[in-house]
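What follows is a set of notes on a single structure, which appears directly below.
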Amino acid sequence: MRRYSILVALVALAASAYPLAAQAAAAATMPVPIIGVGGGISIPLGGIAKNRQPGFNLDAMAEFRAPSQPLGLRGEVLYQYFGASKDAVGVAGANTLGFLVDVVYHAPQSQVRPYMIGGMGLYHTSENGNSAGFNVGTGLTIPLTGMGAYAEARIHFALAQGPSFVTIPVTFGITF
C-alpha cells in the first residue's frame, strides 16, 4: 500500500510539472508592456526650418513585445515645439502633436541593444491642422536595475498642405 501511495504521489508530481512548464513557456512568449517617457531636442527641416529654430520634444510610449521576439509594436504620443527665429518677422512658434503606431525591431541579445523603428500616425501641426505622416529611425536600449533607458533619433514627415513639416527629434528617456 505504501509503494502504491508513493507511486501515485510521483505520478501526480510529474503531471503537475507539465502545466507549470507550459505556463512558464507561455509567460516567456506573452507580450510584456514597456512604458516609457522621454524628451530631448527637435530640429526642424524643410519649409518649417526657414523661420524656426530648434526646439524640444516630449514623448510617452507603450511598447508590446514578447521577451524572446525581436519585433514589437509601439504606440506613442509625441509633442514638439519650435520657437520663431530671431530674424523672422510676424512668425509665431510652431508645435506638433503626433499620435503614432510604430514597428520596432530589436537586435539580438546584448548588453546595449540597438533597434530600428518606423511607423505612421496622425500629426496635428499648429500651422496646418491634422495630417497623416510617417517616421523612421534608430535607437539604443540600455537595461538598468528595475528599469531601462533609451536614446533614439528619428525623422518625422507630416504630409501637410503648405510648407513641409519635417523634423528630427533626438530623444532620451526611461522605461519601466
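The values are calculated or read from the model by the stated rules, or taken from the named source; none is laboratory data. Since the model is a prediction, treat every value here as computed from it, not as a measurement. Because the Cβ atoms are built from the backbone with ideal geometry, glycine has one as well, and the counts that use them run over all protein chains shown.
Test Pro114 against the stated conditions and say whether it is over 29 Å from Pro163 (Cα atoms), more than 11 Å from the chain's Cα centre (by Cα) and either part of a strand (DSSP E or B) or charged (D, E, K, R) (or both). Step through it out loud before you land on a result.
Values: over 29 Å from Pro163 (Cα atoms): yes; more than 11 Å from the chain's Cα centre (by Cα): yes; either part of a strand (DSSP E or B) or charged (D, E, K, R) (or both): yes.
So Pro114 passes the test.
From the list Asn135, Asn130, which one is closer than 18 Å to Gln80 by Cα and free of Cβ contacts under 8 Å to residues at least 12 places away in the same chain? If you could, list the steps in order and put the result at the bottom.
Values: Asn135 fails: free of Cβ contacts under 8 Å to residues at least 12 places away in the same chain.
It is Asn130.
Looking at Met30, is it over 14 Å from Glu152 (Cα atoms), of a type in the set (A, V, I, L, M) and either modelled with pLDDT under 90 or assigned by TED's automatic domain parsing to the domain that holds Ala160 (or both)?
Working: over 14 Å from Glu152 (Cα atoms): yes; of a type in the set (A, V, I, L, M): yes; either modelled with pLDDT under 90 or assigned by TED's automatic domain parsing to the domain that holds Ala160 (or both): yes.
Yes: the conditions hold for Met30.
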Given the conditions (1) surrounded by 14 or more Cβ atoms within 10 Å (Cβ to Cβ); (2) not in a strand (DSSP E or B), and given that Gln161 satisfies all but one, which numbered condition is not satisfied? (1)
Out of the residues in the stretch 121-150 meeting the condition of being buried (at least 16 other Cβ atoms within 10 Å of the Cβ) and touching a Phe, Trp or Tyr at 6+ places or on another chain (Cβ under 6 Å), tell me which one is farthest from Pro169 (Cα to Cα). Ser131
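Please state which one of Val101, Val112, Val170 is among the β-branched types (Val, Ile, Thr) and within 21 Å of Ile48 (Cβ to Cβ). Steps first, please.
On the way: Val101 fails: within 21 Å of Ile48 (Cβ to Cβ); Val112 fails: within 21 Å of Ile48 (Cβ to Cβ).
Only one candidate passes the filter, namely Val170.
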Would you be able to say whether some residue in the stretch 82-92 is at pLDDT below 95, in the same structural domain as Ile48 (by TED's automatic domain parsing), among the hydroxyl-bearing types (Ser, Thr, Tyr) and not in a strand (DSSP E or B)? yes
